[in-house]
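*Asks:* There's a structure below that I have some questions on.
The values are calculated or read from the model by the stated rules, or taken from the named source; none is laboratory data. Values in this document were obtained by computation on a predicted structure and should not be read as measured data. Every residue, glycine among them, receives a Cβ derived from its backbone with ideal geometry; neighbour counts consider all protein chains shown. Remember, those area values only see protein heavy atoms, side chains included, never the ligands or the DNA or RNA. Shrake-Rupley method; radii C 1.70, N 1.55, O 1.52, S 1.80 Å.
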Amino acid sequence: MAATTLSSSLFATTTFKAPPPHSSSFSHNFNPCTTRQSLPRVRATMLQDNEEKVKLKESLPSKISTFDDAGKASIESGDSTSSSSSSSFEKFVIKVEQSVNIFLTDSVIKILDTLYHDRDYARFFVLETIARVPYFAFMSVLHMYESFGWWRRADYLKVHFAESWNEMHHLLIMEELGGNAWWFDRFLAQHIAIFYYIMTVFMYAISPRMAYHFSECVESHAFETYDKFIKAQGEDLKKLPAPEVAVNYYTGGDLYLFDEFQTSRIPNTRRPKIENLYDVFVNIRDDEAEHCKTMKACQTHGNLRSPHSDSADNDGDAALCNLEADCEGIVDCLKKSVTSNPAKLK
């Protein structure tokens, strides 16, 4: 719980102002890893009580994502040959990263489709065991950076902990529904999670952008899985009671962490209703869509901001940010730790 209590006034955070809620349509065939989009930012919309669909601005990357806004501006303005060459190389690197991510994601999906084509709750248990792992990995690397004095970002730690807290409650719901009844399912999920954790730590330390995109692909698959399940079993789900853990989580008194992982939303704008099992799965599906948006935002370095950060905090954090060497990935951190002069940072 240390991550939730870090004060953003002590650590430098980047300024990322959440855009105001607005309405947009979201296709249930959504796949951020295969659909080409042109919008550079993600935005959330309010979910009304009577909504059964996720309304989301589609802005997740295609198989070959575009590079950051600075790179685009450099090419469009024709600043220099070196800038164009650098942007082309970055685009190539992004293409390779995302191609690897898509291959890995598709491979895991094929395994799950083979093993769990007719056992939904067991599949959901495996998915949720896996889905919360990257957030542990992100926090592990961020704590390492902080210990070495390379990179301090309270907002990243807060948001990633809130994401893991949300996924943990998804897992508790699936356990209450009996998804972990078989020993084989528990064995498979736990061992995949161990491998996934090690892989994500390595990936995040080398390329945070690649790690965030991979997590986005996983969350996208989770969204699609829940959406198909709701469409197929919706009427039966409406006749079943909601698990107690779901009622407590979604309608409890303290929803600070629930708002915290939805970084494109203004806090208190989404308050789920839980009247039956159908409502539970609708809200889990909608949570996965919010995770997708947050993971997309994280792929631009320094673009993540806690929904609970106010303008006063941002001003102080921006000033503190200028005093420390910022970095992206362990190679960049090592380079800047050697080349920077500590005396000039004081």
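*Asks:* Among (1) out of contact with any helix residue (DSSP H, G or I) (no Cβ under 6 Å at 6 or more places or on another chain); (2) surrounded by 18 or more Cβ atoms within 10 Å (Cβ to Cβ); (3) at pLDDT 85 or above; (4) of a type in the set (Asp, Glu), where does residue 68 come up short?
*Replies:* (3)
*Asks:* Does the range 139-152 contain at least one residue that is under 13 Å from the mean Cα position of the chain (by Cα) and aromatic (Phe, Trp, Tyr)?
*Replies:* no
*Asks:* Just a yes or no: is a residue in the range 121-136 at pLDDT 90 or above, acidic (Asp, Glu) and within 19 Å of residue 188 (Cβ to Cβ)?
*Replies:* yes
*Asks:* Only residues that are touching a Leu at 6+ places or on another chain (Cβ under 7 Å) and aliphatic (A, V, I, L, M): list them for the range 271-288, please.
*Replies:* 277
*Asks:* Out of 328, 260, 275, 290, which single residue is at pLDDT 85 or above, within 25 Å of residue 163 (Cα to Cα) and open to solvent by 50 Å² or more (accessible area, probe 1.4 Å)? Walk me through it before giving the result.
*Replies:* Numbers: 328 fails: at pLDDT 85 or above; 260 fails: open to solvent by 50 Å² or more (accessible area, probe 1.4 Å); 290 fails: open to solvent by 50 Å² or more (accessible area, probe 1.4 Å).
Only one candidate passes the filter, namely 275.
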